[in-house]
Amino acid sequence: MIADRIDAACKIAGVKLKTACTISGLNYGTLRSQMRNNREIPASSLARLSAGLRIPIQFFFEFPVEEQAAATSLNRWRAAELANTEHAACSRAGFNVTTDHILDWFHQEGGVLKNWEWFEDQIDLYEPIKPTDRIMHPIQIGKRSSTAERLMLAGNRDFYRIVGSFEEKIIARAMQSHRMLDEVPYLVTDEEIDVIIKAQRVRGGYRKVTMRVTDPRGEPVTAVFSKLTWLDTADNVREVDRVEA
């Protein structure tokens, strides 16, 4: 019975039912009455207990074997949603997203552009390179991405104006990493840049992750995340303190 499973879940979590209700945002009196009188316990209540006690939701049910896989998939989806919410809160609080975090996300989501809100403003999306392209075509430049911040971009129009003014070899190198995605799912490279933007010299190094991902419509998209590793603020190059790429 589900009531027995709830009791067992509380024992596993090391809390009493009243505490479990408080943690999960449930009314203790209502749940206790449902359990004692064998009344139906809403699935939404079980979902809250699952999240509050950090116990897989399928624990509360006795699924036939053929349904266990579906239940596991559902719980993984819920766990991903919870993790995504937590990551987003950390990012707003100044959480330092690194290339390792991005690669972990890429492998976890299988290259599908979902559960990415926690770093959405730090990544750039481009259309896949075509043989006739002479420059990358951005779909979205992240407001807090290294590209936007270091190249002082205010949007796609700025991208064409500023990046389009770079030497051909700089653009060609960037495009090559996009083309490599025809052979590999992602590419990690250490890059350097030395350009003049808005009468200012920008010289530095960064680690870049270039990935082939799929958007919600199933269309291929090139995603680029980069992290500054050093920056020249004067005539001499200095390493950026405590930067984890």
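Read-outs: derived from the displayed coordinates by stated rules, not from any lab. Everything numeric in this text was worked out from a predicted model, so none of it was measured. Cβ coordinates were reconstructed from backbone atoms using ideal geometry, including for glycine residues, and neighbour counts include every protein chain displayed.
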Inset, instruction - Describe numerically, in nm with one decimal, the distance between label points set 7 Å from Cα along Cα→Cβ at residue 231 and at residue 16. - result: 5.5
Inset, instruction - Calculate, in nm to one decimal, what residue 192 and residue 170 gain on full extension: separation in residues at 0.36 nm each, minus their alpha carbon distance. - result: 7.0 nm
Legend entry - Nearest-0.05 FRET efficiency for residue 158 and residue 179, computed from C-beta distance (R0 22 Å): 0.35
Legend entry - Amide H contacts of residue 137 (H built 1.01 Å from N, under 5 Å, at least 5 apart or other chain): 127
Inset, instruction - Collect residues whose amide H, placed 1.01 Å from N in the peptide plane, falls under 5 Å from the amide H of residue 229; neighbours closer than 5 in sequence don't count. - result: 205, 206, 207
Legend entry - Table column - 3J(HN,Hα) (Hz), segment 29-44, Karplus curve with 6.51, -1.76, 1.60, x for Gly and Pro: x, 5, 5, 4, 5, 4, 5, 5, 9, 6, 8, 5, 9, x, 4, 5
Inset, instruction - Can you tell me the order of 216-223, 5-12, 192-199 when each peptide is scored by its average per-residue count of other Cβ atoms within 10 angstrom, highest first? - result: 5-12, 216-223, 192-199
Legend entry - Note, ³J(HN,Hα) from phi for segment 179-194, Karplus 6.51, -1.76, 1.60, rounded to Hz, x at Gly and Pro: 5, 4, 5, 6, 10, 9, x, 7, 9, 10, 9, 9, 10, 10, 9, 8
Inset, instruction - Mind listing the long-range amide H neighbours of residue 112? Cut-off is under 5 Å, sequence gap 5 or more, other chains count too, H placed in the peptide plane at 1.01 Å from N. - result: 214
Legend entry - Loop trypsin sites (Lys or Arg not before Pro), segment 106-191 (other Cβ atoms within 10 Å of the site Cβ: 15 or fewer; DSSP): 134, 143, 144
Inset, instruction - Please turn the phi angles of segment 101-116 into ³J(HN,Hα) values with the Karplus equation 6.51 cos²θ - 1.76 cosθ + 1.60 (θ = phi - 60°), one per residue in order, whole Hz, x for glycine and proline. - result: 4, 5, 5, 4, 4, 4, 5, 5, 8, x, x, 9, 7, 8, 6, 10
